[in-house]
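Everything on this sheet refers to the single structure shown next.
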Amino acid sequence: GGALLALAVVVGRRLTVAELPGPVDGPAAGAVYDALTETLRTAAWLLVGLGLTVALASWLTGRYGRLPSRRSRAEPGTDPAPARPTRTGR
C-alpha cells in the first residue's frame with residue numbers, strides 16, 4: 001500500500017505539472033505540489049518500512065520460530081503404553 005501511495009504521488013506530480021497552462025511557472029508549481037504532498041510521501045515511506053518489517057518478522061518466525069516437535073503419546077505408528085492392572089482390594 002505504501003509503494004502504491006508513493007507511486008501515485010509521483011505520477012500525480014508529473015501529470016499536474018505537465019498540464020499547467022502557459023503563463024504558470026512549472027518549477028514553482030512543482031514546489032507547491034511537493035509542499036502539499038510531503039506528508040503523503042512520508043506516510044508512504046513509513047508504510048513501506050512497516051510492511052517490510054512485518055514481512056521479515058513473519059518470515060523469520062515462520063522459519064526459525066517453531067520448536068522441534070516432540071513425539072506425543074497419540075502419534076500414529078507408536079505402540080501405546082500397556083495398561084496397568086488396577087487393584088480393587090477384593
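The values are calculated or read from the model by the stated rules, or taken from the named source; none is laboratory data. If you're wondering where the values come from, they're calculated on a predicted model, not measured in any experiment. Virtual Cβ from ideal backbone geometry, glycine too; neighbours counted across all protein chains shown. Heavy atoms of the whole protein, side chains included, go into the accessibility calculation; ligands, DNA and RNA do not. Shrake-Rupley method; radii C 1.70, N 1.55, O 1.52, S 1.80 Å.
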Quick one: in region 13-30, which of the residues that are assigned to a helix (DSSP H, G or I) and among the small types (G, A, S) is most open to solvent (accessible area, probe 1.4 Å)?
-> A18
Within region 31-73, residues loosely packed, with under 10 Cβ neighbours inside 10 Å, farther than 22 Å from A3 by Cβ and modelled with pLDDT of 90 or more come out as A35
Determine the pairs where a residue that is closer than 16 Å to V11 by Cα, located within region 21-35, has a partner that is surrounded by 11 or more Cβ atoms within 10 Å (Cβ to Cβ) with Cβ atoms under 6 Å apart, the partner being 6 or more residues away or on another chain.
-> G26/V17; A29/V17; A29/L20; G30/V17; Y33/R13; Y33/T16
